[in-house]
Amino acid sequence: MNPIQNSFGFLVENIIGLYMILVVLRFLLALVKADFRNPLMEPIVRLTQPPLAWLRRFVPGLFGVDLSALVLLLLLACLKIVLLALINGSGFAFGGVLLSAIAQCLNITLWVFTIALIAQAVLSWFASSAHHPVVGLLHDLTAPILRPIQRMMPSAAGLDFSPIVALIGLSFLRRLIVDPMLYSAAGLL
């Protein structure tokens, strides 16, 4: 790959990838019913609202799940894969693009949870951060994962090991589901 292809590939990968993270955050925070009045939610909502408002005309929600965000995420992943293939001058098959896009969406979601768990654990060491807006968002995002683990495994000597168990579980899911999907998609592309 020549430097020009490499540079454009870098731009496509990072710009679309960062926007995909925003869409995942918007979807997950809406799913867990996080407080959208939180000042940290404003840029996420503002940046994701235009395409989601357009998609909601065609893709309704279902049982409180914002399906338009999932469709947008999948479309972005497909666009990224196709653009990278075109930049590299390689071909692609629809089945491989779709499978790879689903795997990338799952991978980003698992990484968002992983980073949120680590950030929440680190912030818990600082008492002064308890009232910061990011702490509330992280708690809203990670509570559905941590609560079931905490019920099964109570804290020992005042230490909560549920984030460690959750991180191991997320890594296991990545290896069990995402990696085989990416491997299969690579064979189809």
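The values are calculated or read from the model by the stated rules, or taken from the named source; none is laboratory data. Since this is a predicted model, take the numbers as computed values, not measurements. Cβ placement follows ideal geometry from the backbone for every residue including glycine, while neighbour counts extend to all protein chains displayed.
For this structure, a couple of remarks:
- P51 vs. criteria exposed (fewer than 12 other Cβ atoms within 10 Å of the Cβ), touching a Ser or Thr at 6+ places or on another chain (Cβ under 9 Å) and either closer than 19 Å to I115 by Cα or free of Cβ contacts under 8 Å to residues at least 24 places away in the same chain (or both): no
- Of all residues making up region 31-41, the number that are at pLDDT 90 or above and assigned to a helix (DSSP H, G or I): 1
- Checked against the criterion of being charged (D, E, K, R) and free of Cβ contacts under 8 Å to residues at least 24 places away in the same chain, region 137-159 has at least one qualifying residue.
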